[in-house]
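Take a look at the structure below.
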Amino acid sequence: MDPLLYVFDLIVFIGIFGIVSLSLNLEFGFAGLANFGKVAFFLIGAYTYALLSQIGLPFYLCLIAGGLISAIFGLLVSLPALRLRADYLAIAVLAFGEILRLIVKSEDWLAGGDWGITVSSAISLAGASHRVDALVNIALVYFCLFICFTVAQLLANSPYGRAMRAIREDEIAAETLGKSRAKFKAQALMLGSAMAGVAGGLYAQYLHCVLPGMFMPMITFTVWIMVLLGGPANNWGALLGAALVEIFDRGTNIVKDYFVLPIDPSNLQYILFGALIIFVLLYRPHGLLKESSIKTKALRLAYNGRRSIKNKRS
Amino acid sequence: MVNWAQVIFNSGVTGSLYLIGAVGLTLTYGLSKFPNFAHAEFMTLGAYIGYFVAEQLGLGLPLALLVAFLIAGLVGVLCYRGIFQPLAKRGASIIHLMVASIALGFILRHSIGAAWTWKPLYFTATWSAFDAGPLRITGLWLWLIFAALVLSLAMHFLLMNTKIGKAIRASSSNPELALASGINVDRVIWITWFIGAGLAAVAGIFRGADTQIWPMTGWDIILPIFAVAILGGIGNFYGAIAAAFIIGLAENIGVVGLIALGLSTTYRTGIAFLILIITLIVRPQGLAMLFRRA
């Protein structure tokens, strides 16, 4: 296989899962929500994209629609779920994802059931080679990633993001300060689901198909590994985690071709994933990157002002 | 024409399986205060150990059940001591504990996959099917119902009449007070994890014998089992009995309904998920208020 194409492919995957990882970071890292059904919103985005592109809508509309519908579902799920404790929310959303997968699996008329349907790529240039196609995909995915990252970063440093962190730390204290936890949590779930929906659309068009087997609960937990490894409540950490997990994933696949191991590498990979996550939780619960401190204009001014006074004195 | 007697009987079979699987989950959930998703893999592990003992060594089902109970119980305690207890001592949040249990599930599931491969295995023992009136019954199902009955009586005796059972109930409802009264709460938790994981293994064997054994055997039924634990009220054994049969009934009547509506019967598993979600939203404490807390 073309090695350059392999690298491009890896870059696209890092981008797509970077978006999902950012969205989970928003929900878990900042708002403290245990979304164990991330894959459900990824699925909604992917199937929306697939179905809308079949009736001939342009790709950007399909992507936006995927994000919107996913956000609506995020809101619907959040309405009852916000009253639930963290563990109940996790189980409820996990079950929601499984129900969705069951529906797309059994309803053949909707999207081909078990066999899925093919999806045309978003931007297809006439006569382009695979490499060019991959480059176009990289551009598209990283454009979306850039937007999501900017939104997440702005949010993290805004008063809004600080209120979210306050709710995560102590719901009751935040509520006494007039911050409605239900509103903030619902919005976090909505925004997170929208991002996951866009990523799902990108995924569907990149792989040229959607099938129920692509949306196993496994995806959710891979994304959890990314966020926990990189560092919750740090958007750079979410991206770093996505990159590390994807590279690790590819790395073990390459190792499989060159070494003979006593144990099947695809099993070994998940065993190592599991061990890694337990290790991180035990010894580095804050992930590789610490929670990012808040950066605002006022803080910067205050810091610079103090320094300039110090300079004058010396 | 629907054979309602068969539907009721099948509900009893399904309910028995879910009960055996859910008792351990609900007790450990109540004591350790987090849902252990690796419970699914305790079931899978049990199914494979059972297969190994009953088929590869040819020692029969009763011994397979016993060996699987003991080994899986031991694995459960080791997992608790090795992973969850240190995490809890470091002040990990409930979300971290849940993620850790999923990670443990990965490790167990894929270790099993590495040891036995992912090819489905089948118990070769043929369970004689016979007709009793309008019912079609297999020997395995009778075993399963018998096991659930024995389990219910044994657990009732354990929880109500023994010192350890009372300690489990005390630690579950108020850990601090139990500790202050001189109960070794850590030991109580280990014993509960041993029993819980062991019973999961028993459920895994029955599930494996009824369908097939593969590394996802446990994960296939983990959500219905969560539904039983939550509908019954977490940590509530008597609630779990009622919930197991309610969900068994709902699934089997649901299948009849699905066929009548012309929908795919793959939605069968969805019925339990739906009950799970509705319970969580409408009545997260489950049926607990209806039963004595245990």
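The values are calculated or read from the model by the stated rules, or taken from the named source; none is laboratory data. The shown structure was predicted, so the numbers you read here are calculated from the model rather than taken from an experiment. Don't worry about glycine lacking a Cβ; one is built from the backbone with ideal geometry, like all the others, and counts go over all protein chains shown.
Tabulated results
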| quantity | calculated |
| --- | --- |
| Some residue of region B:56-64 being within 22 Å of B:Ala147 (Cβ to Cβ) and in contact (Cβ under 8 Å) with a residue 60 or more places away in the chain | yes |
| Subset of region A:282-302 (residues that are part of a helix (DSSP H, G or I) and either crowded, with 17+ Cβ neighbours inside 10 Å or among the charged types (D, E, K, R) (or both)) | A:Lys297, A:Arg300 |
| Flag if B:Ile275 is at the interface with chain A (Cβ under 10 Å from one of its Cβ atoms) and in contact (Cβ under 8 Å) with a residue 12 or more places away in the chain | yes |
| Residue among A:Leu110, A:Leu100, A:Leu94 that alone is assigned to a helix (DSSP H, G or I), over 22 Å from A:Ala188 (Cα atoms) and within 14 Å of chain B (Cβ to nearest Cβ) | A:Leu110 |
| Only one of B:Leu140, B:Leu159, B:Leu97, B:Leu144 that is crowded, with 17+ Cβ neighbours inside 10 Å and within 14 Å of chain A (Cβ to nearest Cβ) | B:Leu97 |
| Among the residues listed as A:Leu43, A:Leu52, the single one being buried (at least 24 other Cβ atoms within 10 Å of the Cβ) and either part of a helix (DSSP H, G or I) or over 15 Å from the mean Cα position of the chain (by Cα) (or both) | A:Leu43 |
| Residue check, B:Phe245 more than 10 Å from chain A (Cβ to nearest Cβ) and aromatic (Phe, Trp, Tyr) | yes |
| Candidates A:Gly66, A:Gly97, A:Gly74, A:Gly113 - the one that is of a type outside the set (A, V, I, L, M, F, W, C), surrounded by 15 or more Cβ atoms within 10 Å (Cβ to Cβ), more than 25 Å from A:Leu24 (Cβ to Cβ) and touching a residue at least 60 places away in the same chain (Cβ under 8 Å) | A:Gly113 |
| Set A:Ile219, A:Ile263: member being within 14 Å of another protein chain (Cβ to nearest Cβ) and either among the acidic types (Asp, Glu) or in a helix (DSSP H, G or I) (or both) | A:Ile219 |
| When residues of region A:258-281 are limited to those that are crowded, with 16+ Cβ neighbours inside 10 Å and over 16 Å from B:Gly113 (Cα atoms), the one nearest to the chain's Cα centre (by Cα) | A:Ile277 |
| Matching option when the condition is within 14 Å of chain A (Cβ to nearest Cβ), buried (at least 23 other Cβ atoms within 10 Å of the Cβ) and in a loop (DSSP other than H, G, I, E, B), among B:Pro284, B:Pro215, B:Pro224 | B:Pro215 |
| Residue ID - farthest from the other protein chains (Cβ to nearest Cβ), chosen from residues in region B:73-90 that are over 13 Å from B:Ser32 (Cα atoms) and surrounded by fewer than 18 Cβ atoms within 10 Å (Cβ to Cβ) | B:Leu74 |
| Any helices (runs of 4 or more DSSP H) falling wholly within region A:120-204 and containing at least 1 residues that are of a type outside the set (Ser, Thr, Tyr) and at pLDDT 90 or above | A:130-157 |
| Count of residues meeting criterion [outside any helix (DSSP H, G or I) and aliphatic (A, V, I, L, M)] in region B:183-208 | 1 |
| Matching option when the condition is in contact with a helix residue (DSSP H, G or I) (Cβ under 7 Å, 6 or more places away or on another chain) and closer than 26 Å to A:Pro217 by Cβ, among A:Ala156, A:Ala71, A:Ala134 | A:Ala71 |
| Helices (runs of 4 or more DSSP H) wholly inside region B:121-182 containing at least 3 residues that are within 17 Å of B:Ala209 (Cα to Cα) and of a type outside the set (A, V, I, L, M) | B:139-161 |
| Residue that is surrounded by the fewest Cβ atoms within 10 Å (Cβ to Cβ), among those in region B:108-124 that are β-branched (Val, Ile, Thr) and in contact (Cβ under 8 Å) with a residue 12 or more places away in the chain | B:Thr124 |
| The listed residue being touching a strand residue (DSSP E or B) at 6+ places or on another chain (Cβ under 7 Å) and more than 14 Å from chain B (Cβ to nearest Cβ), out of A:Gly116, A:Gly74, A:Gly161 | A:Gly116 |
| Test: A:Tyr160 is out of contact with any Pro (no Cβ under 8 Å at 6 or more places or on another chain), of a type in the set (Ser, Thr, Tyr) and more than 17 Å from A:Leu191 (Cα to Cα) | no |
